[in-house]
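Below is one structure, written out as structure tokens; comments come after it.
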Amino acid sequence: YFLILFLLITIAFIDNYLGAIIGISISIFIVLLFFINNILYSISVDRRNQRSAMLTFVNTRLRAMLSIKAFNKHTPEQKRYNRRSEQLYAVGKKYQRTVSLIQSIIPMLTYLMLAFLMWYVYFLKTHKDYYFNESAFLIVILLIISFLPILRRTLSVSIVWKLGSISFEKLLNIFSLKSENNLVFKDLNLAAQEINFNSVCFNYPNSENRVF
């Protein structure tokens, strides 16, 4: 962010209008990516939840494989798996479309900003009332071209933070849960107590012989 701010200050020092165009363009890009990232966040949460549900479903069915075969439940369970798989596949396609949109829109926005700058220079060139400094414009173009990779990576950072916050929020939710065993137990001194067994016997159901 410091390098982008340095770029804006340098270009504004050369030409105020060029700096304003770049500043407004970057602000619009950030707002647009913010809304798209929110959409990606909700889709990613749904995708992870469905994937976890699918893994749980497969795990429980594999454990109960003998019971499924014994009760002839193979066909219903197969239908449930296909239905869950189709839902996960649909969410996965929506997720990939959104990620592809973000990855393609960032270069488009940067080149669109460059096109606005070219139009502004053409406007200055065609109107004789405005002063046009070709050497200064060449410096501006070289600065923008050299800073385009930095700008793209900076705009892409928000995607990584947005997706990474999902796992971090789930981890914080686990840490914030109350302890499962929070019952208050009475302290007992077992050494001072006597335990007596009277008339205890045991035998197997199919046998009359007592084990003890």
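The values are calculated or read from the model by the stated rules, or taken from the named source; none is laboratory data. What you see is a predicted model, and the numbers here were worked out from it, not measured in a lab. Reconstructed Cβ throughout: ideal geometry from the backbone, glycine too, with neighbour counts over all protein chains shown. All accessible areas refer to the heavy atoms of the entire protein, side chains included, with ligands and DNA or RNA removed. Shrake-Rupley method; radii C 1.70, N 1.55, O 1.52, S 1.80 Å.
Below are the figures for this structure:
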{"read-out": "Answer residue from region 175-212, given it is under 53 Å from the mean Cα position of the chain (by Cα) and modelled with pLDDT of 75 or more and is least open to solvent (accessible area, probe 1.4 Å) among those", "value": "Ser176"}
{"read-out": "Tally of residues being open to solvent by 70 Å² or more (accessible area, probe 1.4 Å), touching a helix residue (DSSP H, G or I) at 6+ places or on another chain (Cβ under 9 Å) and closer than 15 Å to Arg84 by Cβ across region 56-73", "value": "1"}
{"read-out": "Number of the condition not met by Tyr131 [criteria: (1) of a type in the set (Ser, Thr, Tyr); (2) at pLDDT 75 or above; (3) part of a loop (DSSP other than H, G, I, E, B)]", "value": "(2)"}
{"read-out": "Residue within region 77-90 that is part of a helix (DSSP H, G or I), modelled with pLDDT of 80 or more, surrounded by 14 or more Cβ atoms within 10 Å (Cβ to Cβ) and of a type in the set (Asp, Glu) present", "value": "yes"}
{"read-out": "Output for region 104-131, where each listed residue is in contact with a helix residue (DSSP H, G or I) (Cβ under 8 Å, 6 or more places away or on another chain), within 30 Å of Ser42 (Cβ to Cβ) and surrounded by fewer than 16 Cβ atoms within 10 Å (Cβ to Cβ)", "value": "Pro107, Leu112"}
{"read-out": "Residue in region 1-23 that is among the acidic types (Asp, Glu) and in contact (Cβ under 8 Å) with a residue 60 or more places away in the chain present", "value": "yes"}
{"read-out": "Members of region 1-29 found to be under 29 Å from the mean Cα position of the chain (by Cα) and open to solvent by 90 Å² or more (accessible area, probe 1.4 Å), listed by number", "value": "Tyr1, Phe2, Leu5, Ile24, Ile28"}
